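The values are calculated or read from the model by the stated rules, or taken from the named source; none is laboratory data. Just so you know, these numbers come straight off a predicted model, no measurement behind them. With ideal geometry, Cβ positions are generated from the backbone for all residues, glycine too; neighbour counts draw on all protein chains shown. All accessible areas refer to the heavy atoms of the entire protein, side chains included, with ligands and DNA or RNA removed. Shrake-Rupley method; radii C 1.70, N 1.55, O 1.52, S 1.80 Å.
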Amino acid sequence: MTKAFYITTAIDYVNGQPHLGHGYEKVIADVIARARRSLGEKVFFLTGVDEHGQKVQQAAVNEGKSPQAYCDELAAAFKDFASKLGLSNDDFIRTTDRRHEAVVQALLAKLHASGHCYKATYKGFYSPKEETFLTERDRRPDGTFDPSYGEVIELEEDNYYFRLKQHQRWLIEHIEANPDFIAPPYRRNEVLGLLNNNVLEDLCITRPAARLTWGIPTPFDPSFVTYVWFDALINYVTVPASFGDSAILSLLNESDKSSLAPRPSPLPFGLWPADIHVIGKDIIKFHAVFWPIMLKTMELPLPKQILVHGFWQKDGQKLSKSTGNIVDPIAVIDEWGLDAFRYYVVRELDIGPDGNWTDAGFRARYQAELANGLGNLVNRSLSMLKRYRNGLVPARSDELASEAEKVIRETVANLRSNQLQAALQSVWSLVARANQYVDHTAPFKLAKDPAQAKRLDEVLYNLAETCRILAVLLWPFLPATAGKIYSQLGLSETPDKLADAAWGRLSADRTIGEPAALFPRRD
Ligand code: MSP
């Protein structure tokens, strides 16, 4: 069976409303998913929410709600957020889905039965807020812990542990032999540094139900619930299982499989292994250390790539609800439009480093690059075609063809390597070139001179065809804008095939639609 290109995002904790960091990650994953589809690949794009654990239980208690009722509300808000962002996701997982609980329990039972887990007593420091055990190494020189851990307590309790240590050498070798497994390269080096300089501790994968109830019951011992991260990572294989992926289904027995019902009809292609897990830099250890070892012990192939993005700040400060230093993506989209938000986050920040949102920077890009750059180009090109040629596309002319083709090649190469920021830079070099072409050829002057009619035809064709190609190149990033350009050109299809970014496809003698501002100017 063939395999689809399977891309996932981190699943967001539902302990608050969606924020800029969540929005950014989902948009970059969506751009990659759309780009692959546009390149002709079969794609499956998964996103969703992470509902169990202390953080979420606490948030529910703070609001005086039961965890399930609280999660139902927030999961609906995150689902709405996904559509607000224009995501083309194929499924939306909630870790409280029955299908997910079934897969987690089945895999845990299997790991336990095959000796990968053991029970032991832990005595030491614990951060209830982060649901994490801490060691002496986590203490600062003055003996305190980082404030992000909240109140740190000392406790002694029994738990189940997953054997990690024995796989450390194998993991180092895997990362070394697969240079693209963790991207960008400095994140890979960070993980290799961590693995080469530390001995991995076994991972505690349960929490006593006596102190945390909001989790998936441990199948082999009902007095425990599953540690939220062990549960959360498995979402990436739950969905393939629920769509009938044979690699995952082969691990489940008949009763596990029946718990996946009601199942959508099986996909005619496989999903696992994932091609890309898109995640933020704070959760790299879970994805690049724990997850590969979990998969190895389940005898499943590893994902091909963990693509790690940086963190957004606003005005040079950490995003924080308590200090009010936030960007509300929903408010930005309501005010400026979805494509303006998608454009700014992808253009401003490459996948990797940290970024800084400023309202002034957002407005500046909107004004210069969207309104005056792309918007103005499309609007004046099509308005002139309407005015001077009654909207009829003139005969083909290839004056800008080689420059457009160079940009097409660069953009496609950048999309294939997930260099999204570079792809936009390349596309905007064509926007700038075409705007310059308008200034140089001055069609408004040519129109006054009947002897220049042929020259005016050439210029108008080059502009209209450049607009069409821009629409195709922009589809993964700005789907609504790309669609508008196509319909203003009088084209009824969707510009969602990169193969159509080939010069000369706009045929002569067809009539364009109505030009309208793509990005209204704001003063
Ligand atoms: N629930 C876990 C992920 C489980 S994946 C199996 C989690 N949730 S989260 O809501 O805290 O974060 C979700 C994603 O948003 C993570 O990839 C995280 O890195 C990202 N971001 C959170 N804050 C961010 C910024 N300020 N900037 C960019 N991304 C950030 O972790």
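Structure notes:
- Segment 209-218 - residue that is at pLDDT 95 or above and either small (Gly, Ala, Ser) or in contact with a helix residue (DSSP H, G or I) (Cβ under 6 Å, 6 or more places away or on another chain) (or both) and, of those, surrounded by the fewest Cβ atoms within 10 Å (Cβ to Cβ): Ala209
- Residue satisfying condition, being over 27 Å from the mean Cα position of the chain (by Cα) and either under 22 Å from Glu51 (Cα atoms) or in a helix (DSSP H, G or I) (or both), within set Glu154, Glu201, Glu190, Glu173: Glu173
- Unique residue being open to solvent by 10 Å² or more (accessible area, probe 1.4 Å), more than 13 Å from the ligand (Cβ to nearest atom) and modelled with pLDDT of 95 or more when the list is Lys296, Lys285: Lys296
- Considering segment 415-523, the qualifying helices (runs of 4 or more DSSP H), each wholly inside and each with 2 or more residues that are aliphatic (A, V, I, L, M), run over 420-441, 453-474, 479-488.
- Pairs where the first residue, in segment 147-162, is modelled with pLDDT of 95 or more and the second is polar (S, T, N, Q) and open to solvent by 40 Å² or more (accessible area, probe 1.4 Å), C-beta under 6 Å, 6+ apart: Asp158/Thr121
- Any chance Thr8 is in contact with a strand residue (DSSP E or B) (Cβ under 8 Å, 6 or more places away or on another chain), hydroxyl-bearing (Ser, Thr, Tyr) and buried (at least 22 other Cβ atoms within 10 Å of the Cβ): yes
- Restricting attention to segment 348-357, the residues being open to solvent by 40 Å² or more (accessible area, probe 1.4 Å) and not polar (S, T, N, Q) number 4.
- Residues in segment 35-59 that are surrounded by fewer than 22 Cβ atoms within 10 Å (Cβ to Cβ) and either at pLDDT 95 or above or under 20 Å from Phe243 (Cβ atoms) (or both): Arg37, Leu39, Gly40, Glu41, Lys42, Val43.
- Residues of segment 181-208 satisfying the condition of being among the acidic types (Asp, Glu) and surrounded by 13 or more Cβ atoms within 10 Å (Cβ to Cβ): Glu190, Asp202
- Number of residues in segment 418-431 that are over 18 Å from Ala340 (Cα atoms) and among the aliphatic types (A, V, I, L, M) equals 1.
- Figure legend. Inter-residue proximity from segment 168-196: first residues without any contact (Cβ under 8 Å) to a residue 12 or more places away in the chain, second residues surrounded by fewer than 16 Cβ atoms within 10 Å (Cβ to Cβ) and assigned to a helix (DSSP H, G or I), beta-carbon distance below 9 Å, spacing 6+ or different chains. Indicated pairs: Pro179/Pro185.
- If you go through segment 318-340 and keep only what is within 11 Å of the ligand (Cβ to nearest atom) and open to solvent by 40 Å² or more (accessible area, probe 1.4 Å), you end up with Lys318, Leu319, Ile326.
- Qualifying residues in segment 106-135 (those that are open to solvent by 50 Å² or more (accessible area, probe 1.4 Å) and of a type in the set (S, T, N, Q)) - the one modelled with the lowest pLDDT: Thr135
- Condition met for Ala102 (of a type in the set (A, V, I, L, M), touching a residue at least 12 places away in the same chain (Cβ under 8 Å) and within 26 Å of Val237 (Cβ to Cβ)): yes
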